[in-house]
Every structure is written in C-alpha cells, then in structure tokens.
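**Q** My questions will all concern the structure given below.
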C-alpha cells in the first residue's frame, strides 16, 4: 500500500489555493459569512443549498468542490469506496452560539430548527456526501490544533482495513475570528506528496 | 391581504435563506414544497416558528403544516383567520 | 489472529452508576424515563431519562474537587473511574489512548446563566477531553469523535483500528452527553420528542425520548486463542453516509444498509443472536431501520431497541447500548423492547417482546444520526 496526496486545497478568507498555488483571490469582506459567499461567487459555483448552511459546512462545501473538481470523483462518486475524515478545533461552536441566541431570552424564546441542525460538526460531512453522492466511511474528529498523527493513523487504517480507495481528509476550522480549510484527496497510488506525518505537517504549515 | 402576502413572501425568503428568489418570483398559488420552491422538512419546521414568532399562532398539530403551507395563498389565509399579534 | 476485546466497562444513566445496576434494572423491565417540569428552563414539561446528579456529585467529591469540573466532565470522569475500579489497568501509560465520544460536551457553558466561572475556552470539546485525560494522568492527546448519535460506535470502531495498527496497547473509549436547555429545545424545535415514553417500532410511535448518560469501554488486543473466558470481541464494523438529507433518514436506508452489509461481510447470519437497533421511535427512523434490516436479509433475526429503558443518550448511546448488548450476549438472554406493543413498520421485523435464551454467539448493534451518518458493529462472545 502506498498512500499519497493526489491533490490538496486550501481556503482562507482572502484566497483559495490548489496544490500550493493560488487559484483565486477573494476581496476583503465585512464578515466571515460574506467572505464565504464571495468565495462561492468567485469560484462560479451554482448550488443554492449553500445559502442555507452555517459557516462551517459552507467552508467544507467550497473546499470539497475545489478538491474534487477535475478528478475522477467529480461531480458525483456514487460509491462507498470514498471515505471522508474531517477534523477541526471549534466543532460547530459558531452555529452553537447562533442557536443559543434563539433560546436565551425567555420573552423571545423561538428555538430555530434550521440553526439547530447545524450544531453538530458532522453535518458538514453530510453536506459533502449529499453533494457528491459519497456513501463511504466517515468520521469527524476534534482536536485543539491540526493533528497530523491522528489523521494519518486513521486514514491509513481505513485504507488497510476497509474498502476505502479514496479519502477526502483534512482540517476545516471555523471560529468567530477566522476560518481555514486544508483538504486533501488521499489515494493508494504513488505521487509526489507521500501521505505521511511529515508531509501533512509541512503542507498544513505552508498553506 | 395584499400587504400580508407581500410581507409573507419577504419573510419566507429571509428566514429560509432562499438565495436569488425575489417576491415577484413566487406565484401565490404555486406549491411551496416539492417542485415549487423546493422547500424541505426543515423549512416546514422553520415556517412553524415563523407562524408563532411573527403572528402569534401556535400550531398544535405540526401534521397540518403541509396543508397550511401548501401555497402563499393558503398560508396567508390561515394567518388572517388565526392571527393573534 | 489478533482480536480487539473488552477488558472493562461502565454505564452511568438514570438507572444507576454501574453496569451491574443498569443491567439489574433492565432485567426487571424498569425505565428511567420520567416527566420533568420546569427543568433546564424549558417552558413545557418533557419526558426524559436524567441522571441523579446530586448522587453523582456526592460520589465525585470523594475522589476529586467538584467545582473544578463541569457536569459533563464529572460524568465522564466518574464513568472511567468506575470502569477501572478493581482492575489493574494503568490509565497513565503512554501505550493507552483515550477516545472521547460526545455530541455537545460542555455546550451548556454557552448559556450566560450557566458559565459557572469557567474560562470561555472550556466550552470546546478539546478542553473537556484534556480535563478528562489529564485527570487520569494520561500523556497522549485524546482523540475526540463528534458525530451525532453514531459517535459512540464510531469511536469504538476507530479505537479498534488504532489497536490493530499496533500503535497502542489499550484504548479507553468513553463518552457521554448531558441534557440541557440547548439540547432539549433543539429537539423540541424539530417536533421530534414524544409527549410520552418512546415506543420503538410501534404503530403508535410518535417521537423519541432524550436521555443523558455516560459509558466507558476499555479495549485491548490479543491473540484470539489466548482470550480470557467470556470475552466480548469487537469483531467487525463500518460507517456509511446516506448521501441524502442532513436530518431526514434515507427512504431506501442506503447508508445503514451499506454499513450492515460491510459489517456482515464474513458472517454467517445464523450466528447472529439479535440486532440491537437504534430504534429512537420517530416515525422515519424506525421505518428506515426496518428497510435496512429487510434489505440485508435479516428480518427473521430478533431485534430490539433499548431506548425505552434509558432514552436516547446521544453521544453515549453507542457505548451504553453496546455494553448492554455485550451483557445480553454473556447472559445469553434477549432483552425485550420496552414501549413496543404492535408492529408499526412496513417490514416484518421480529421485535423482541420477552426475555428468552439463545445459543448464538454474535450480535449486531446499529446507530444512525443527523448528517446522514450510520454505523454498525458486530460483537462476538468467545469462550
């Protein structure tokens, strides 16, 4: 088994990058949500469900779209040999805080189902799977910072022990001050970027 | 009723995050669910919240939702008959 | 061949603070679900299975400082602590990993009335996990699985893989969820809660009942020929996504069906004693599970849901229910589905309505959750 990173995508508030090269710039916006929407527009996407999502799944949807485009998995995989292993530090806290607002004031108590549904980080995986018809192994891991060791262990074992042939994996973090996505497509084939801890840490650090 | 219908359309677009949809795009008799605006089960639940929050109407039986939210017209009719705010 | 097996466990729920207490109550057909009024600041009364926190705290302060920890942390720490009592398991070893399963952890700290003087960072799952691992002096960064209602099984399957990799000798899979205004109001906004105790698979089922709980399963790995007597092995498992809708289950049960099929790849169906389904008693979940079970050719196999005893314990559910399944296997006794009277799904499921013995040595546990996720795990009794 020789796992490698076939392709990777990075998204920050002012830019989107593919394999370490800038794909597009995004003009400064007044809010993180507006930055995500502007990124969507600059990428020329057409997916109306995007506008119902909270920031975290918005970010992950953009990252998955950029990652999978021009690969054999695009636009839909319709297979369970594609795994999705995502991680972040803040879980769904941005959505959690928004939902909390709808229940704080007993005089204005209107819990919102469309906000509540996004108060689980794995909904993010659900949105990616729905858009790209992915039925495979999936898990959402939370850690204080990007954890190359755990991601590497988990993904490696998925390839060893399950029918996984492709894995969409990485870090999708959204908090009140910023967001960052670092998403990789891991395959069981030789390529320039070996899927090992050192490469993961290097690519993440230099995104 | 005109004013209510107009207000309802704006509220629905806002609350359900219907990107690119303008009030004039929504036909008063067109189905809101299924093919119409493509609303789903979470949207239906959010409309139940809208009923209570904006119009003071508490829907005791959520099953009636499909009927009430059938179209803008059925929605507006239900509100004008039951409004408490 | 090396297999992953359970060396210790604990359940904390409305039914008790140890696995034994929980199993005793379940064997007597007792439910911990009750009506609660004026709880968590929720305007209407609601049914739920809640833990006696006064009792938990009284036990806790015998071995730790109460106000240094949140309710959630105290619950999980108590569970791990009880699991290792009377064992010689060294939780501080670098060869031991903690895997934490939870949906909302310390989310009640977001409530301005409940922040309890903790640092704002404490609301993070990693902060809670660090408190728990540090309490037991474990040097490794804990792995946190947050995947809605399949978190427990997902964490178990991850732990199995990590043990098989050879990187760790022991994995403490622990998890829990504490009910709060946040969680209860959210499910209420989904109109998902039954006004009565839940009725899994029943024709009159009308929603789920929430529960709070914690559980711990400590896993190790050994050659299958050298397992202690009465070992429970995590034989196989899989997760899958419906790829259909973020909150509604797939009408064709696509994800659960695939998870079950992958799990049962090398299994003879006649070896399966029972299936412990997710069985939350919502209209759509139970129907979806019936379809998955039928598609997989498992209709004749006795099936139950445990939700009528302890409610739906969210991040703890996969772990609590796996432990209950393991004891059901060890005792070779089926556990009946509390709350069930008449079949209300479109497939002819063999819902367990009374305790009876069996000879088979394997069982299947399934779970499904928001986000279209599904998981299945196969347990096997050895020796």
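The values are calculated or read from the model by the stated rules, or taken from the named source; none is laboratory data. Owing to the predicted nature of the structure, the values given are computational and were not obtained by experimental measurement. We place every Cβ from the backbone using ideal geometry, glycine too, and count neighbours over all the protein chains shown.
**Q** Mind listing whichever residues of segment C:134-162 are under 20 Å from the mean Cα position of the chain (by Cα) and more than 10 Å from chain A (Cβ to nearest Cβ)? Walk me through how you get there before you give the answer.
**A** Restricting attention to segment C:134-162, the residues satisfying the condition of being under 20 Å from the mean Cα position of the chain (by Cα) are C:142-162.
Within segment C:134-162, C:152, C:153, C:156, C:159 qualify.
**Q** Spot the failing condition for residue B:11; the list is (1) within 14 Å of chain A (Cβ to nearest Cβ); (2) surrounded by fewer than 18 Cβ atoms within 10 Å (Cβ to Cβ); (3) part of a loop (DSSP other than H, G, I, E, B), and only one is missed.
**A** Of everything listed in (1) within 14 Å of chain A (Cβ to nearest Cβ); (2) surrounded by fewer than 18 Cβ atoms within 10 Å (Cβ to Cβ); (3) part of a loop (DSSP other than H, G, I, E, B), residue B:11 misses just condition (3).
**Q** In segment A:148-167, what count of residues is obtained for those that are closer than 19 Å to residue A:206 by Cα and surrounded by 22 or more Cβ atoms within 10 Å (Cβ to Cβ)? Full working, then the answer.
**A** Of all residues in segment A:148-167, those closer than 19 Å to residue A:206 by Cα come to A:148-149, A:151-152.
Then keep just the ones that are surrounded by 22 or more Cβ atoms within 10 Å (Cβ to Cβ); that gives A:151.
Of the residues in segment A:148-167, 1 are closer than 19 Å to residue A:206 by Cα and surrounded by 22 or more Cβ atoms within 10 Å (Cβ to Cβ).
**Q** Also: Taking the condition of being touching a strand residue (DSSP E or B) at 6+ places or on another chain (Cβ under 7 Å) and over 11 Å from residue B:72 (Cβ atoms), how many residues in segment B:17-33 meet it?
**A** Let us first name the residues in segment B:17-33 that are touching a strand residue (DSSP E or B) at 6+ places or on another chain (Cβ under 7 Å), namely B:32-33.
Now narrow it down to the ones that are over 11 Å from residue B:72 (Cβ atoms): B:33.
Of the residues in segment B:17-33, 1 are touching a strand residue (DSSP E or B) at 6+ places or on another chain (Cβ under 7 Å) and over 11 Å from residue B:72 (Cβ atoms).
Conditions tested, residue by residue: (1) in a loop (DSSP other than H, G, I, E, B); (2) free of Cβ contacts under 8 Å to residues at least 12 places away in the same chain; (3) over 20 Å from residue C:334 (Cα atoms).
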| site | (1), (2), (3) |
| --- | --- |
| C:243 | yes, no, yes |
| C:270 | no, no, no |
| C:300 | yes, no, no |
| C:319 | no, no, no |
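**Q** Please work out which residue is surrounded by the fewest Cβ atoms within 10 Å (Cβ to Cβ), limiting yourself to segment C:251-268 and to residues that are in contact with a helix residue (DSSP H, G or I) (Cβ under 8 Å, 6 or more places away or on another chain) and in a helix (DSSP H, G or I).
**A** Looking only at segment C:251-268, we keep the residues that are in contact with a helix residue (DSSP H, G or I) (Cβ under 8 Å, 6 or more places away or on another chain), and these are C:251-253, C:256-257, C:260.
Filter once more, so that each one left must be in a helix (DSSP H, G or I): C:256-257, C:260.
Working: C:256: 32, C:257: 24, C:260: 26.
Among those residues, the one meeting the criterion is C:257.
**Q** For segment C:253-266, which positions are modelled with pLDDT of 95 or more and within 22 Å of residue C:360 (Cα to Cα)? Spell out the reasoning first.
**A** Of segment C:253-266, the ones modelled with pLDDT of 95 or more are C:253-265.
Of everything in segment C:253-266, those that are modelled with pLDDT of 95 or more and within 22 Å of residue C:360 (Cα to Cα) turn out to be C:259, C:260, C:261, C:262, C:263, C:264, C:265.
**Q** Could you check how many residues of segment A:110-140 are free of Cβ contacts under 8 Å to residues at least 40 places away in the same chain, in a loop (DSSP other than H, G, I, E, B) and either more than 7 Å from chain C (Cβ to nearest Cβ) or surrounded by 24 or more Cβ atoms within 10 Å (Cβ to Cβ) (or both)?
**A** 5
**Q** May I pose another question? I'd like the full set of residues that are surrounded by fewer than 24 Cβ atoms within 10 Å (Cβ to Cβ) and either away from chain A (no Cβ under 12 Å) or modelled with pLDDT under 95 (or both), limited to segment C:163-172.
**A** C:169, C:170
**Q** Condition first: in a loop (DSSP other than H, G, I, E, B) and either in contact with a strand residue (DSSP E or B) (Cβ under 8 Å, 6 or more places away or on another chain) or at pLDDT 95 or above (or both). Now tell me which residues in segment C:1-39 satisfy that.
**A** If we filter segment C:1-39 for residues that are in a loop (DSSP other than H, G, I, E, B), which is where we start, we get C:1, C:14-15, C:17-18, C:28-32, C:37-39.
Answer for segment C:1-39, where residues must be in a loop (DSSP other than H, G, I, E, B) and either in contact with a strand residue (DSSP E or B) (Cβ under 8 Å, 6 or more places away or on another chain) or at pLDDT 95 or above (or both): C:1, C:14, C:15, C:17, C:18, C:28, C:29, C:30, C:31, C:32, C:37, C:39.
**Q** Something else: Could you check segment A:1-98 for strands (runs of 3 or more DSSP E) lying wholly inside it with 3 or more residues that are over 30 Å from residue C:151 (Cβ atoms) and within 17 Å of the chain's Cα centre (by Cα)?
**A** Details: elements: A:4-12, A:15-18, A:21-25, A:82-88.
Ranges flagged: A:15-18.
**Q** Somewhere in segment C:167-184, is a residue within 29 Å of residue C:341 (Cα to Cα) and part of a loop (DSSP other than H, G, I, E, B)?
**A** Yes, because at least one residue in segment C:167-184 is within 29 Å of residue C:341 (Cα to Cα) and part of a loop (DSSP other than H, G, I, E, B).
Condition check ((1) touching a residue at least 24 places away in the same chain (Cβ under 8 Å); (2) surrounded by fewer than 16 Cβ atoms within 10 Å (Cβ to Cβ); (3) farther than 19 Å from residue C:138 by Cβ) across all residues:
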{"residue": "C:12", "(1), (2), (3)": "yes, no, yes"}
{"residue": "C:18", "(1), (2), (3)": "yes, no, yes"}
{"residue": "C:45", "(1), (2), (3)": "no, yes, yes"}
{"residue": "C:51", "(1), (2), (3)": "yes, no, yes"}
{"residue": "C:58", "(1), (2), (3)": "no, yes, yes"}
{"residue": "C:61", "(1), (2), (3)": "no, yes, yes"}
{"residue": "C:69", "(1), (2), (3)": "yes, no, no"}
{"residue": "C:73", "(1), (2), (3)": "yes, no, no"}
{"residue": "C:105", "(1), (2), (3)": "yes, no, no"}
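**Q** Can you confirm whether residue C:216 is in contact with a strand residue (DSSP E or B) (Cβ under 8 Å, 6 or more places away or on another chain), more than 14 Å from chain A (Cβ to nearest Cβ) and assigned to a strand (DSSP E or B)?
**A** Values: in contact with a strand residue (DSSP E or B) (Cβ under 8 Å, 6 or more places away or on another chain): yes; more than 14 Å from chain A (Cβ to nearest Cβ): yes; assigned to a strand (DSSP E or B): yes.
Taking the combined requirement at face value, the residue satisfies it.
**Q** Can you find a residue that is over 18 Å from residue A:96 (Cβ atoms), part of a helix (DSSP H, G or I) and within 14 Å of chain A (Cβ to nearest Cβ) anywhere in segment C:65-87?
**A** Within segment C:65-87, not a single residue is over 18 Å from residue A:96 (Cβ atoms), part of a helix (DSSP H, G or I) and within 14 Å of chain A (Cβ to nearest Cβ).
**Q** Further, regarding this structure: Step by step: first the residues of segment A:141-153, then only those that are touching a strand residue (DSSP E or B) at 6+ places or on another chain (Cβ under 7 Å) and within 20 Å of residue A:2 (Cα to Cα), then the one that is nearest to the other protein chains (Cβ to nearest Cβ). Which residue is that?
**A** The qualifying residue nearest to the other protein chains (Cβ to nearest Cβ) is A:150.
**Q** Separate question: Does residue A:156 qualify as being within 14 Å of another protein chain (Cβ to nearest Cβ) and part of a loop (DSSP other than H, G, I, E, B)? Break it down stepwise before answering.
**A** Values: within 14 Å of another protein chain (Cβ to nearest Cβ): yes; part of a loop (DSSP other than H, G, I, E, B): no.
Against the criterion (within 14 Å of another protein chain (Cβ to nearest Cβ) and part of a loop (DSSP other than H, G, I, E, B)), residue A:156 does not qualify.
**Q** Touching a residue at least 24 places away in the same chain (Cβ under 8 Å), surrounded by fewer than 24 Cβ atoms within 10 Å (Cβ to Cβ), closer than 26 Å to residue C:360 by Cα and within 12 Å of another protein chain (Cβ to nearest Cβ), is that true of residue C:222?
**A** no
**Q** Further question: Regarding residue A:46, is this residue in contact with a strand residue (DSSP E or B) (Cβ under 7 Å, 6 or more places away or on another chain), surrounded by fewer than 22 Cβ atoms within 10 Å (Cβ to Cβ) and free of Cβ contacts under 8 Å to residues at least 12 places away in the same chain?
**A** Numbers: in contact with a strand residue (DSSP E or B) (Cβ under 7 Å, 6 or more places away or on another chain): no; surrounded by fewer than 22 Cβ atoms within 10 Å (Cβ to Cβ): yes; free of Cβ contacts under 8 Å to residues at least 12 places away in the same chain: yes.
No; evaluated as a whole, the condition is false for this residue.
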